[in-house]
Structure formats: structure tokens, C-alpha cells
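Below is one structure, written out as C-alpha cells; the observations come after it.
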Amino acid sequence: MDHRGDKYRDLGIKLTPQRIAILDYLEGNRSHPSAEDVYRAVMQTFPTMSFATVYNTLQTLKRCGMVAELTGDPEKKRFDPNPRPHHHLICTNCRKIVDVHVTYRLPVADHDRAGFDITGNHIEFLGTCPACKKRKYT
Ligand code: ZN
Ligand code: MN
């Protein structure tokens, strides 16, 4: 029995060693990696894995609700292995993305709501990260 695959069994997708490697890389990963980042990391263990496999696996995991896709980086999609609702700080210089686990209750007036029932929000705070601030001012 492949114990490394046990925790992913409920996903309802076929667990190839490649997919498990991608899941292992994503688990607890706070960097919001792009598909390219995942590819570079997993290639260390599976040198023959193609970028298409990585990309398709990320799309499959997204459909299963295992990862969320972030749109805050205009250059490339970034993936978040934490699909629970939270917000993000995005450095407009280096594109570092950091989680914000705060619940904001933002009222939207009836006349601004276009008839929507609002079920959630996702806030992207734009700014400059500490490393970029340091580079800029020292
Ligand atoms: Zn930065
Ligand atoms: Mn996040």
C-alpha cells in the first residue's frame, strides 16, 4: 500500500507518483507558486515530467477544489494550496504574495449590489514588500 498516497485518496483523481509529487510540493507551501515554479521543483524528482503534465494536474486540482488560482499576478497564474477563503498582500514590484487571514465585513449597499446575493470576498492589497522596501531605500 502506498501510504504517501493515502491522504489524497478522497480527491477522486487517479494518483500517479507525479501527481503525488505535485501535491507534496504544494502542501503547506506559502509562496503561491506559478505552474513554472511547481514544474521546476518537481523536476528535481521527476526529470522526465513535462510542463503540460504539471499544468494539467494543477487544473485538475483546481476543479477538485484542492487549489485556488490567483489572478493578482498579471504575468502568470499563481496557485494557492489553501482553498479556504482568505485575502492577499501582493508586492507590485517582485510579485511576492502573502496571506492575510482576517475576516473583513464590507457592506455593499443594495443599489450597488446589482441584485447579487453576496457570499464572499477576496481582497488583494497592493504594495511593497519588506525586501523591496529595503532595496529601494538603502
Ligand atoms: Zn517585493
Ligand atoms: Mn493564499
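The values are calculated or read from the model by the stated rules, or taken from the named source; none is laboratory data. Predicted, not measured: the structure shown is a model, and the values here were computed from it. Methodologically, a virtual Cβ is constructed for each residue, glycine included, from the backbone with ideal geometry; neighbour enumeration extends over all protein chains shown.
Structural remarks
- Qualifying residues in region 47-62 (those that are free of Cβ contacts under 8 Å to residues at least 24 places away in the same chain and under 12 Å from Ser34 (Cβ atoms)) - the one farthest from the chain's Cα centre (by Cα): Phe51
- Residue among Ala35, Ala41, Ala52, Ala21 that alone is loosely packed, with under 13 Cβ neighbours inside 10 Å and away from ligand 1 (no atom under 16 Å from the Cβ): Ala52
- Residue within region 63-70 that is within 16 Å of the chain's Cα centre (by Cα) and assigned to a helix (DSSP H, G or I) present: yes
- Verdict on Thr128 being at pLDDT 95 or above, of a type in the set (S, T, N, Q) and touching a strand residue (DSSP E or B) at 6+ places or on another chain (Cβ under 9 Å): yes
- Residue that is surrounded by the fewest Cβ atoms within 10 Å (Cβ to Cβ) [pool: residues in region 97-107 that are at pLDDT 95 or above and not hydrophobic (A, V, I, L, M, F, W, C)]: His101
- Matching residues, region 71-94, being away from ligand 2 (no atom under 13 Å from the Cβ) and within 13 Å of the chain's Cα centre (by Cα): Lys76, Lys77
- Residue list for region 107-129, filter: under 18 Å from Gly72 (Cβ atoms), more than 12 Å from ligand 2 (Cβ to nearest atom) and outside any strand (DSSP E or B): Gly120, Asn121, Thr128, Cys129
- The residue pairs whose first member lies in region 25-37 and is over 11 Å from Lys76 (Cβ atoms), whose second member is part of a loop (DSSP other than H, G, I, E, B) and within 14 Å of ligand 2 (Cβ to nearest atom), and whose beta carbons are closer than 7 Å, counting only pairs six or more residues apart or on different chains, are Leu26/Val67; Leu26/Pro81; Glu27/Pro81; Asn29/Pro81.
- The lone criterion from (1) out of contact with any Ser or Thr (no Cβ under 6 Å at 6 or more places or on another chain); (2) within 16 Å of ligand 1 (Cβ to nearest atom) left unmet by Arg78 is number (1).
- Residue count for region 114-138, restricted to those that are loosely packed, with under 11 Cβ neighbours inside 10 Å and more than 16 Å from ligand 1 (Cβ to nearest atom): 7.
- Test result for Tyr8, buried (at least 17 other Cβ atoms within 10 Å of the Cβ) and at pLDDT 95 or above: no
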